[in-house]
Each structure stands twice: as structure tokens, then as C-alpha cells.
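Trainee: Quick one: structure below, then a few questions.
What follows is calculated from the coordinates using simple rules that are stated; it is not laboratory data. Note that the structure is a prediction, hence the values are computed from the model and not measured. Every residue, glycine among them, receives a Cβ derived from its backbone with ideal geometry; neighbour counts consider all protein chains shown.
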Amino acid sequence: MRRRTIDLRWFLAVAGCASAALAQSTGTLAGTVFDLSGDRVANAPVQAINLSTNAIYRTTTSPAGAYTLAQLPPGSYKLSVAAPGFDVFLQPSLTVTAAQTLRFDIHLVDYQLGTLGDGREFRIALTSPHATPNGPAPRTSEGKPDFSGVWYAQRTVDPGVPEPLPWAEALVKERAASNFKDAPGARCLTRGITAAGALFPYKLVQSRTLLIMLFEDDIPSHRQVFLDGRGHPKDPNPSWMGHSIGHWEGDTLVVDTVGFNDRSWLDPQGHPHTEMMRVTERLRRPDFGHLEIEFTIDDPGAYRKPWIIKRIADIDPDDDIGEYVCTENNRDVEHMVGK
Amino acid sequence: MKVCRNVISGAFLLALPAAAQWLNYPTPGVPRLPDGKPNLTAPAPKTTDGKPDLTGTWQPRFGYTGNIAKDLKPVGVPFQPWAEALYNHRVATESREDPQARCVLSGVPRENVVPYPFKILNTKGMIVILYEALHSYRQIFMDGRQLPKNPNPAWMGYSIGHWDGDTLVVESSGFVDNNWLDNNGHPGTEALRLTERFHRRDFGHIDLAMTIDDSKAYTKPWTVNLGFDYADTELIEYVCDENEKDVGHLVGK
């Protein structure tokens, strides 16, 4: 799905003389972004999406944590904040009215695994852009991009707009209300396809017929993407990672995955899915240092329409993945408290 | 899904159908007999640089899951006294303290005797092994690097490999201090230096000669001969912590 971004500066330059009239026919969304300890969060990217036109409006918070999105056409908006070190904040619907300012303060939740050392700084170090060597993407002997290498955890470029069905929305709220105490990762269960590369570094090993993903996280775990032309099994054993096959469209590897169980969480907010889920990943290596991953989550059992998440991973050329044994001396579970 | 197998030593046989249930997919490029089964005595495939290609899905040969050194009887392994006492304790308590039963990685070299298949991928500069058991993996670096001087202790250790003719020689160090080499619990320590010699003698068989050199636990190095058989199947997902019921059944004194 393509979305249109409206550049307000351009808009004002062209329609400057009409701004007085516009001020009457548009509304404003404004507020302050806090962290859980009440400190203001500067430079946080704030994004509002008009739910009827899909137009995107963006700003970043001031040094005092304030944001203002002015001249929004009246209507319903989905508000999101994807600030480094925090879980992505999502407010599914806010109604903007003409000639009025809707104040909406945002309280970001620190990303955490409940493990010593896994705080905001940890997350920032993992998910901020890293300096990478320049140069073109390496290629295989068949001329395809070679994705092999150690990659930093994926950073979210566009968290997309999940549109959960009522049961799924209720479950997300219930999980938040209970402090995410049932998160599978806390029990050393696999994080699932969208989260496995989003927290810790991972390694790709590519051959002509197989792409292997080795995850430092998750006990650890691995994933296979078959590139040998096979199809999906007719009646796959439901699994956390699903069954993945890939094919090339030019320099993009398109990975199609089915055969999921219904147990993984698609993100730290606990968005659920069903066994009907089909995930399409489009992988590109535009240059040596970067891997682009676009997930399309198509699950008519849980979402009204496909949910697209765009991420980038930076190469980590001088490091390797370590051994992460979740089950060894795991102390998370007893600290997962919620109603 | 986890297949419980620590209590009844023979129960691993029951795990086999699980490995075959998911994908009945004949792997392309496999030499086959007229009845469609893999021709296990066909020549071993070679990589472009003329070395045997170990790529494929393999099943550890049966019989060594409980006791990796069973062929060394009656002499047995050259234990240090404390290691023998610990081994005897583990046997007497029916491996009640086995970390693997608590979903900690089987580790190396135990992965060579677990009753679950694994997949080898031979690529440029490295060999990757994906284990069905506990969804884990191992890297063997073939790019000429040396073993690290002060490695972070790991269940999988740190492995480098080179070719000796048609034999892949893998040297490993950097192991944890509380390693179990098998279900019975032959101990391994941080002093373990492991040498594995993999030889794919034909399409369907890899012979493995493995030398345990661990001066903290044993008075001298000892060698066991193991092997892997080609498995015409795919790995399935093994999530140990999902509905884990092993620990409650570990009833040794």
C-alpha cells in the first residue's frame, strides 16, 4: 500500500494566502511526550495518520518534549511515536475537530526484558543507526545480492498501522493492562517471525538454495528460508517460525511464510495473530551496510487488512553473534507481575 | 514441542517418527534408487574446490545418547577421581541434574549423540550446523582464523576447521565448565579441547572420530568413533520450553 506524505511547508507556500481560512477548517493535535519517570522526551518522532485518507503528518518533539501537529483536516487519526529506547507507542484513534486543538500527552514505556542491563540505553545502542562501511552490496556467483553477514537488530522505520479485529484489540489492551506478564520471551519461548531479529543481532548465511537466519536471541534459535523452488507443505505442523520459501524479484528476495501457530506476539505490545497468518518479507540490500526488510502481515483472523512494517538493519562487520542461553538461570518469570 | 526422553533411556526411539512427520519432501540433487529411496552408497558430493560437501540433513547413529564412551568398555574412560565420582553420582541419580532437561543447550560434543537430526550447510568461509534439538546452531569457521585465546565460555564452544585430505578436522575450545558429554553425564570442563575428524565416506554416511582432551576431568585424551547417517527429511521446530514436562519427571534420588 502506498501512502502519501504531505509536506506542510510546501502546502503553506502554495496556499499561503488561504492560511487564515485553513486555520478555521483544520484542527491541531498537540501535547507532551514523557517517559515513565515523568521526564520529557526530546527529539521523539511523532506521526499522525489520517484514517480515511492515509495521509501522514510528522513532527519531532522539542527539547521540552512538546509536539504540535497543526492544520490537520478534521477526522480520525492514528498517532504513533517510535523513539529510540522505547516501545513503539500507538494510539489507534483520535478525533481532530475543525478550529480546535486536541491536547494529547503521551507516556512512553521503556523497552525492557526485565533482565539486568536491558534498559533504555541498551535498546538505544541496539536500535540506533550505526556507522557502516560504504560500498556496493556483495553478490553471489549467480549475481544475486548476498545477504550473508552479522546484522545489528532491525530498527523500525515505519511501524505501520495494525487494524486489529475487536477480539485482537481487546487482547492487546488486556496484555498491556497486565504489564505484559505473559510475554512468551520471558519464558524462553521463541519470539516469532517479526520479533526474532528486532532485539538482538542476528546472522544471515546464504547459499544458492537456502538462506539461514541465526538468532543470538531466543534460546537461541534459527530459521530456514528454502530457495530451491519447493512449495509449502500441504498441512504444515503449526510452528512459531512457520515454513518459509523465497524467490527473487530482481534484487529483492521475497519470502513467503505460512504454517504458524497462534502463540507468538508480533511486537512488544502483544499484537496477536492466528494460524491463518501469512507473512511476506521483502529483503533488499541496497548497499554494503544496510538490509531493508518489509513485513506484510496478512491475517484475516486477527486484522481487518494487511499490516506493513518497514525496518532497516545495519551491518556489523567486525563482530559475531554470541551464545544466549535463555533458560540458563532464567529469573524473568518470577518478576513478571500483573493482574 | 518437546519430546521427553530423559527418564526412559530407550524412549528416544519414539522421537523418530516426529522428525519425519512434517515434510515428506525429496531433497533435490539426492541420488536415488529405483524405489525412490536415497542411494546411500553413491559417491559423496564435492564442493567446487574439490572437497567433500557435508551439506545435508543427518541423523546421529544410535546407541551413544546415554553413554558416548560405550564402545570403550570394559576399560572405560580415564577419569580423574573427582570426575569419576561425579559421573557415578549422575548415573546413580538417573541424570536428575541434567541441564538439558531444563532446556539448556545440549552443547558440543553432546549434539553428536542426541537422537535428533541436524543440518550441515557448507558455505564459503564457514560451516553452519542447525540442530533440531533445542533449536540451536553451531558455527565452524573455515577462514583460517585461530582459536580465541580467552573465549567466552559457551555450551557450543568455539570451533575452527581445516581439511586434511578428504577429512574435515574441527578443533574446538571455549566450553562451559559444567558440560555434559552425554545423558549419563560424562563431565566436560573449560579445559576441554575437542578434535573432531569428519569423513563423508559416501553419500549416506559420515564417520566421526572424536578426541576428548580435557586434563581437568581425564588423565589422558580419549577417542570415540561415532557416525551420522543421511536423513531424507527436514528439521522440525523444537521449542523446549513449550509445555515442558521433563523436570517434574526427574525422580532420581
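Trainee: Which of A:Tyr303, A:Tyr324, A:Tyr77 moves the most in a Gaussian network model of chain A with Cα springs under 10 Å?
Mentor: A:Tyr324
Trainee: Once you list every other residue whose beta carbon is under 12 Å from the beta carbon of A:Val96, what net charge do they have if Lys and Arg are +1 and Asp and Glu are -1?
Mentor: Local net charge: +2.
Trainee: Starting from the 7 Å offset along Cα-to-Cβ, what nm value, one decimal, do you get for the label separation of A:Asn237 and A:Ser37?
Mentor: Using points 7 Å along Cα→Cβ, the separation is 4.7 nm.
Trainee: With the crude spin-label approximation of a point 7 Å out along Cα→Cβ, what separation in nm comes out for B:Glu84 versus A:Arg230?
Mentor: Between B:Glu84 and A:Arg230, the simple spin-label model gives 4.9 nm.
Trainee: What does the net charge come to around B:Lys216 if you take all other residues with beta carbon closer than 14 Å to its beta carbon, with K and R at +1 and D and E at -1?
Mentor: Values: positive: B:Arg193, B:Lys220; negative: B:Glu84, B:Asp177, B:Glu190, B:Asp213, B:Asp214.
Residues close to B:Lys216 contribute a combined charge of -3.
Trainee: Quick one: which of B:Lys119/B:Lys216; A:Lys144/A:Lys234; B:Lys73/B:Lys220; A:Lys144/B:Lys119 span more than 22 angstrom between C-alpha atoms?
Mentor: From the list (B:Lys119/B:Lys216; A:Lys144/A:Lys234; B:Lys73/B:Lys220; A:Lys144/B:Lys119), the Cα-Cα distance tops 22 Å for B:Lys119/B:Lys216; A:Lys144/A:Lys234; A:Lys144/B:Lys119.
Trainee: Which FRET efficiency value, to the nearest 0.05, is calculated for A:Val157 and B:Asp177 with the Förster distance at 41 angstrom and r the Cβ-Cβ distance?
Mentor: 0.40
Trainee: Further question: Name the most mobile residue of B:Thr27, B:Thr189, B:Thr48, meaning the one with the largest mean-square fluctuation, in a Gaussian network model of chain B with Cα contacts below 10 Å.
Mentor: Comparing B:Thr27, B:Thr189, B:Thr48 in a Gaussian network model of chain B, the most mobile one is B:Thr48.
Trainee: Between B:Lys149 and B:Thr219, what length in nm is gained on full extension when 0.36 nm per residue of separation is reduced by their alpha carbon distance?
Mentor: On the way: separation 70, 0.36 × 70 = 25.20 nm, distance 2.33 nm.
Going from the current span to full extension adds 22.9 nm.
Trainee: Mind checking the full-extension length gain between B:Lys245 and B:Arg32? Use 0.36 nm per residue of separation minus the Cα-Cα distance, one decimal, nm.
Mentor: Numbers: separation 213, 0.36 × 213 = 76.68 nm, distance 4.01 nm.
Working it through step by step, the gained length comes to 72.7 nm.
Trainee: Looking only at region A:230-339, where both bridge partners belong to it, what percent of the DSSP beta bridges are antiparallel (to the nearest 5)?
Mentor: Values: 28 of 29 bridges.
If I count the DSSP bridges inside region A:230-339, around 95 percent turn out antiparallel.
Trainee: Compute the long axis of helix A:166-177 from its Cα atoms, compare it with the longest principal axis of the Cα atoms of chain A, and write down the angle in degrees, 0 to 90, nearest 10.
Mentor: Between the helix axis and the principal axis of chain A, the angle is about 90 degrees.
Trainee: Okay, next question. So, R0 is 25 Å and r is the distance between the beta-carbons of A:Gln100 and A:Ala176; what FRET efficiency does that work out to, to 0.05? Show your work: numbers first, answer last.
Mentor: Values: r = 28 Å, r/R0 = 1.14.
For A:Gln100 and A:Ala176, the calculated efficiency is 0.30.
Trainee: If I build a Gaussian network model for chain A, linking alpha-carbon pairs within less than 10 angstrom, which residue out of A:Gly242, A:Gly229, A:Gly149 has the largest mean-square fluctuation?
Mentor: Taking springs between Cα atoms under 10 Å, the residue moving most is A:Gly229.
Trainee: Quick check on chain A: helices-only [θ] at 222 nm, where DSSP H runs of length 4 and up contribute -39,500 (n - 2.57) each and the sum goes over total residues. Nearest 500, please.
Mentor: Mean residue ellipticity at 222 nm (helix-derived): -3000 deg cm²/dmol.
Trainee: Give me the one-decimal nm value for the distance between modelled label points at B:Asp202 and B:Asp53, 7 Å along each residue's Cα-to-Cβ direction.
Mentor: Roughly 2.0 nm, to one decimal.
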